[in-house]
């Protein structure tokens, strides 16, 4: 079978399969994986072909449990629908043949950019505001795959950049961090994202200006100015790293970006709308979990990683370190949460200590790319995802 025909059949099968399962978030990941299987090494055409499948938008993603069914449908060529061109509104070589979307398509449009590391950015979906050391954007497909189908509250006490939180847009959530400056940013975005953006656009971006802004003491500023400063430093500093010294002072040098970009007002407003629905807490993770965790909650824990090499991991996101005893306490808390009926997902480095701490739970090892290392050969690594299902709903 020619690659083009295989790809059409595969994407059409997915299109059929996703109609009654459009609420599941794994659909886009499945589409990208399908393309890689069927396109036979022609990634340059991926966006066009995926666009055919998703034209008009897709409200959700295909769950992994239906993936085998899609493959079976393709292998047997039993696709119960119109021809791909008829169904998707295209004529070969001439693009879309009519301006009206097929009646089966969801209403909301979605724009997809297929990137080298499979990160997807689509219109209408909130995204992190900051580039964060250890951010989970590249692990989103694996995290979405292991999350529970249903849960009560969403809890994330090591919020950081909040990649999973912003992706899920939970209606009932408690999020927190020990970093007071970060909490100030998120509180300001929840209340006045347009004001944060206005101030951000007024800040000059030269090297001298950067160090001047960096010298400001954030907690003496108006909260909205401090929030804009946090984004400004994050976008202009070296490698987008957030790091402070033992005095709590931001100390990352200027990154000399060739084309520095700042979040658009729409980006901040969208993120602010998600934050406004959550309870934002400046708290130690144990205090937050002891106060808010209840049976049936989904708890995502992304602590500072156990370093695999001497300089392989930045732990100082705030003035306090997170050491071995803290990881032991965290593992004990995970067992407590599972015992009371929470569904817990933990991320960390692929270190023997992590496997020992979470013995008895499901552990998945994931190949990842590090964004902080300045050397190319230091940008590869392995993360682990620990699943502690205290709800009995593990699929």
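We did not get these values from a lab; they are worked out from the coordinates using the rules stated. Note that the structure is predicted; figures quoted are calculated from it, not measured. In this analysis, Cβ positions are derived from the backbone assuming ideal geometry, glycine residues included, and neighbour counts consider all displayed protein chains.
Quick look at the values:
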item: Failed item, numbered, when residue 230 is tested on (1) over 22 Å from residue 272 (Cα atoms); (2) in contact with a strand residue (DSSP E or B) (Cβ under 9 Å, 6 or more places away or on another chain); result: (1)
item: Residue 186 vs. criteria crowded, with 17+ Cβ neighbours inside 10 Å and within 23 Å of residue 256 (Cβ to Cβ); result: no
item: Members of the range 251-269 that are in contact (Cβ under 8 Å) with a residue 40 or more places away in the chain and outside any loop (DSSP other than H, G, I, E, B); result: 254, 265, 267, 268, 269
item: Scan of the range 176-204 for residues that are in contact with a strand residue (DSSP E or B) (Cβ under 7 Å, 6 or more places away or on another chain) and part of a helix (DSSP H, G or I), ordered by number; result: 180, 183, 186, 187, 190
